[in-house]
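Structure, as structure tokens:
The values are calculated or read from the model by the stated rules, or taken from the named source; none is laboratory data. All values reported here derive from a predicted model rather than from experimental measurement. Cβ placement follows ideal geometry from the backbone for every residue including glycine, while neighbour counts extend to all protein chains displayed.
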Amino acid sequence: MRLIRRGERSNAVQDLQARLERLGIDIAPQELGGDFGPATEMAVRAFQQSRGLDVDGIVGDNTWRVLVESSWSLGDRILRLEEPNLRGDDVRDLQSRLNALGFAAGKHDGIYGRATAAALMDFQRNLGISDDGLIGLETLKAFRRLRLVTRTGLGPRTREREARRSGPPGVAGKRLVLDPGHGGDDPGGRGPSGETEADLVFPLATQLAGRLEAEGAEVTLTRGPHDGPTDSERARRANEAAADLLISLHLNAHPNEMAQGAATYYWEHGGIASEPGEHLADLLQDHLVRCGLVDCRSHGKAYPILRETRMPAVVVEPGFITNPDEAKMLSAPRTAEPIVLAMVRAVGTYFGVAGPAIS
């Protein structure tokens, strides 16, 4: 879709404002009717902040998709397993209820996939109702009778933790997916000398892949040097590889070229985070800061690549492409090597062993 942003006046803006107001986000009366002014931009920013999206006040594909999904409540429609998977807050509510009752519906990502369908059918069988995997009137009544349902998120967090602990320690034999961001028609950010984010993160990913393979890992990249799959396609490839974790490599950008430092991101929505993802993000952040990078911290986000992957996943931004010194450092294998080794050590620590004794 085209971007909807400040300064526009249209029916699309009016639709946007109506959806935001239905979510309880107020907009100044003088802008209602389709005028995208400062109050509407502030409302968009508030929505993006609440949903773990990039907070830019601009409505693009991802913000619009999440806004539409937020309009669904459990019981508004019949939920079933279909392709493409149904998405929405009603699915997330269902997952939360199932997990709280001990039925493994997966993380609360709002995507009605096979794990959610299987958990629902298990729930239906346990209650002696038709195990058709559909959210119909009978199943809704069953949920309403269970008044002690909680939504702590502890179910998926506990299962993620145990899945990580159940495997043998060490990187050797682990299936890892590296996702060089952007690519194809999407160059990403651009550096002071014309370098693009897509061009810098791909060799960084291959360098990291080489180091991890030397530790015995099986490494897959989500794209080649010139193609640019969608985030959903990248997630699909990682899921099909049955990966133990995914690391998506990006670079930060800012109008001020003095902005610098490393940041990491893990899946979080509604105060419920992926415990292994958060742990890996913190480890990566700690090791990158030890290299001398400014600490821009780790953050919970609801990016598509974090939402749609079935394994622990993180986004790593080991610098700003708009900072001349960091762009130069990341543009050559020799100067980028400390960053790569820091990430290898973090992955090793995540899998329960010390990082490689290389310098």
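Helices (runs of 4 or more DSSP H) fully within the range 134-235 that include at least 2 residues being under 17 Å from V316 (Cβ atoms), assigned by TED's automatic domain parsing to the domain that holds P333 and modelled with pLDDT of 90 or more: 197-214. Here is the figure for the range 301-315: residues that are farther than 23 Å from T63 by Cβ and in contact with a strand residue (DSSP E or B) (Cβ under 8 Å, 6 or more places away or on another chain) total 2.
Looking across the range 281-292 at every residue that is touching a residue at least 24 places away in the same chain (Cβ under 8 Å) and assigned to a helix (DSSP H, G or I), the one that is nearest to the chain's Cα centre (by Cα) is identified as A281. Quick check on the range 296-333: of everything there that is within 8 Å of the chain's Cα centre (by Cα) and part of a helix (DSSP H, G or I), which residue is farthest from G191 (Cα to Cα)? Among them, the one singled out is R307.
The residue that is surrounded by the most Cβ atoms within 10 Å (Cβ to Cβ), among those in the range 29-53 that are at negative phi and touching a residue at least 60 places away in the same chain (Cβ under 8 Å), is L53. Within the range 307-323, being out of contact with any helix residue (DSSP H, G or I) (no Cβ under 6 Å at 6 or more places or on another chain) and over 19 Å from F202 (Cα atoms) holds for R307, M311.
Tallying residues that are over 19 Å from C296 (Cα atoms) and in a strand (DSSP E or B) within the range 259-272 yields 2. Hey, does the range 220-227 have a residue that's of a type in the set (D, E), over 21 Å from V289 (Cβ atoms) and buried (at least 16 other Cβ atoms within 10 Å of the Cβ)? No, that holds for no residue.
If the condition is being surrounded by 18 or more Cβ atoms within 10 Å (Cβ to Cβ) and under 16 Å from K141 (Cβ atoms), then the range 62-89 contributes L74, L79. Note on the range 1-28: among residues that are loosely packed, with under 13 Cβ neighbours inside 10 Å and over 29 Å from the mean Cα position of the chain (by Cα), the one that is nearest to V55 (Cα to Cα) is G7. Looking across E337, E317, E268, one residue alone is at pLDDT below 95 and either more than 17 Å from E197 (Cβ to Cβ) or surrounded by 17 or more Cβ atoms within 10 Å (Cβ to Cβ) (or both). It is E268. Residues considered: E278, E233, E240. Of these, the only one that is without any contact (Cβ under 8 Å) to a residue 40 or more places away in the chain and surrounded by 20 or more Cβ atoms within 10 Å (Cβ to Cβ) is E278.
Restricting attention to the range 281-314, the residues that are surrounded by fewer than 20 Cβ atoms within 10 Å (Cβ to Cβ) and closer than 23 Å to E337 by Cα total 10.
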